[in-house]
Amino acid sequence: MAISNISGPLLVYALAFGTAAVACGVSVLRARKVEDPETRRGLTWLFATTGGWAAFQVGTLVAPTPDLMYLSYLLSLTVGLATVGGWLYFCSAYTDRMFHRKSAYRRGALAAYLSIVAVKATNPIHQLYFTTEVVDAPFTHLAVSHGTLHWIVSGLSYALVAVGFFMLLEMFLEVDYGTRGLGGVAALTGLPVVFDVVGAATPILLDINYEPIGVAVFAIGVLYLFEERFLAIQLTDGVDDAVVYLDTDGHIRDFNGSALEIFPELSDHREDPISTALPGVSAVLGDEEPILECDSEDGTRYYLVSDTAFSLGQADIGQLVVFTDVTETERQRRELDRQNEQLEGFAAAIRHELLNTLQIVAGQVSIAGRSLDDGDVSAARESLRSASSAGDRMENIVEDLSALARHGQTVERTQWVDLDAAVSTAWNRVEAEDLSLSVDGEGEIEADAGRLAALLRNAFTFAAHNDADEVTVSLREDGFAVTDDGDPPGDATAEEFMEYGGAVPDSEAGMTLPNLKTIARVHGWNSTIDTDYTDGVRIVISDASVSQAAPQAA
């Protein structure tokens, strides 16, 4: 059949199927670069057989003789049936199913395929599958009348294809990722079935298989238009973590719903560099311990930030940044670090106090011995009393450390504690007859009531040792301050006041502020000395949750 004799309608059909054949052939080359071997095998099989199917459809339309038309049609049916296997293999591999790996399924599918091919190949003998005749309208072509066997095989094929669609649909619905575009491309694969029905029932379209056109659209869509998302969805299937997809230049291309919940600003930064949209994330990428700290409604959460590049063949096409919630693990790690530091502080404090006390006891006992040698019984008795008092002080220190060890565990349950009530409880446990107390502000602090009272008691005890006459507790927006009018810090740093064994301002007061710091830390609070305050010592507790009472009307 000469090209000049090809009519307009025939040219349209030939171009449609020819384009599908070329598109599938080009897509085979692209599919062979997909990293996952099973997905690559399924796509290659699907596109190769579909391309052959479309090519034989062209041959059926333009072959110069009826016999060649018949042969092309018979070959198109044979190759076209193989596309069902390629489709199912791809769908199973892409969605990480096991069907394509089971030998029983594969042997059964091969047996069914060969049986149907045998029926098709012998059709010229029995003509139970289809019959043909050459017609001239709308152009000269081979008109096919399908028999019952054809419709049985077609129904079975459509059912199997629908199973593949179900696999994809289920995956698209499960992944926390935008799949509308990719799902639309997949849906177009099934659209030619409508053309098949129209062609079989009406004269509007030729009664011919249009499926190769749908598969060609699918091939172009997944490997060229939605290539990045197509691969990203497969990589993140079954991943509940937040995922952000970057292109090779580090620009944000896409993200899933979990990522948007953590970083709402992502919605305004699509296509922006991650260093601009999420500078904190960009800063930890590549760190040896890439832990990202994020504030949320239920407190601080920690995420392990990991990134992996994915490629098509030898070319990198993007990078996935995954955020794994490690909040509980990180909290436990930090708690362990804090407790280890606390134990080291306890050891240093006990060692320091024990050495001091032993020196005092030894010194007083020596003085008592010399006094006895001199016949001064009164002086000897006084020295022994001092030694005994030092021993009692050591016993009290050990008891305080034991109590602090109980208080040193991270607070798990808190309540709103009235500041006045906590101050009163602490004040009643302090021996400071020459010290006066005032409270500035009314409100509540979210804390463990017993530990808050212990913290305040340590602050008041320190004020008594600091030669203060008055101590004031002031409520602040993010905590409170305890201010005394005793000796100012002088040259001592804030850290020296808070270190075990520091003995600032004296050895007896050296335990109080380190204990205070420990109790503050188990609440998640920060404690320090305001070195800018020079009229005494001001202890500042911050990062606490405070509910201040409204001022009373005059």
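The values are calculated or read from the model by the stated rules, or taken from the named source; none is laboratory data. What you are looking at is a predicted structure, and each value in this text was computed from that prediction instead of being measured. Cβ atoms come from the backbone with ideal geometry, glycine included; neighbour counts cover every protein chain shown. Only protein heavy atoms, including side chains, enter the accessible area calculation; ligands, DNA and RNA are left aside. Shrake-Rupley method; radii C 1.70, N 1.55, O 1.52, S 1.80 Å.
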(message) Report every pair of residues separated by at least 6 positions or lying on different chains whose Cβ atoms are under 6 Å apart, first residue within the stretch 248-260 and under 13 Å from GLY318 (Cα atoms) and at pLDDT below 80, second open to solvent by less than 30 Å² (accessible area, probe 1.4 Å) and acidic (Asp, Glu).
(response) ARG253/ASP247
(request) Search the stretch 500-523 for residues being open to solvent by 50 Å² or more (accessible area, probe 1.4 Å) and under 29 Å from ASP418 (Cα atoms), and hand back the single one that is modelled with the highest pLDDT. (result) LYS517
(request) Would you point out which residue out of ARG338, ARG331 is surrounded by 13 or more Cβ atoms within 10 Å (Cβ to Cβ), within 30 Å of ALA242 (Cβ to Cβ) and modelled with pLDDT of 75 or more? (result) ARG331
(request) Would you check if TYR89 is buried (at least 20 other Cβ atoms within 10 Å of the Cβ), at pLDDT below 90 and of a type in the set (Phe, Trp, Tyr)? (result) no
(request) Assess whether SER366 counts as being hydroxyl-bearing (Ser, Thr, Tyr), loosely packed, with under 13 Cβ neighbours inside 10 Å and modelled with pLDDT of 65 or more. (result) yes
(request) Keeping to the stretch 262-290, report how many residues are within 25 Å of ARG334 (Cα to Cα) and open to solvent by 50 Å² or more (accessible area, probe 1.4 Å). (result) 6
(message) I'd like the full set of residues that are assigned to a strand (DSSP E or B) and modelled with pLDDT under 80, limited to the stretch 234-244.
(response) ALA242
(message) Being open to solvent by 60 Å² or more (accessible area, probe 1.4 Å), more than 20 Å from THR518 (Cα to Cα) and touching a strand residue (DSSP E or B) at 6+ places or on another chain (Cβ under 7 Å) is the filter here; which residues of the stretch 477-487 pass it?
(response) GLU477, ASP485
(request) Run down VAL134, VAL153, VAL119 and say which single residue is of a type outside the set (Phe, Trp, Tyr) and in contact with a strand residue (DSSP E or B) (Cβ under 7 Å, 6 or more places away or on another chain). (result) VAL134
(request) Of the numbered conditions (1) under 19 Å from GLU133 (Cα atoms); (2) open to solvent by less than 20 Å² (accessible area, probe 1.4 Å), LEU75 fails exactly one; give the number of that condition. (result) (2)
(message) Just the residues that are open to solvent by 60 Å² or more (accessible area, probe 1.4 Å), under 16 Å from ALA23 (Cβ atoms) and in a helix (DSSP H, G or I), please, taken from the stretch 185-214.
(response) LEU188
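Any residue at all in the stretch 31-39 that is of a type in the set (D, E, K, R) and touching a Lys or Arg at 6+ places or on another chain (Cβ under 7 Å)?
There is at least one residue in the stretch 31-39 that is of a type in the set (D, E, K, R) and touching a Lys or Arg at 6+ places or on another chain (Cβ under 7 Å).
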(request) Consider ALA55 carefully, then state whether it is in contact with a helix residue (DSSP H, G or I) (Cβ under 8 Å, 6 or more places away or on another chain), open to solvent by less than 20 Å² (accessible area, probe 1.4 Å) and of a type in the set (A, V, I, L, M). (result) no
(message) Six or more apart or on different chains, Cβ atoms under 9 Å: show the pairs whose first residue is in the stretch 438-449 and on the phi > 0 side of the Ramachandran plot and touching a residue at least 12 places away in the same chain (Cβ under 8 Å) and whose second is surrounded by 19 or more Cβ atoms within 10 Å (Cβ to Cβ) and small (Gly, Ala, Ser).
(response) none
(request) Among the residues of the stretch 430-472, write down those that are open to solvent by 30 Å² or more (accessible area, probe 1.4 Å), more than 17 Å from ALA520 (Cβ to Cβ) and aliphatic (A, V, I, L, M). (result) LEU437, VAL439, ALA464
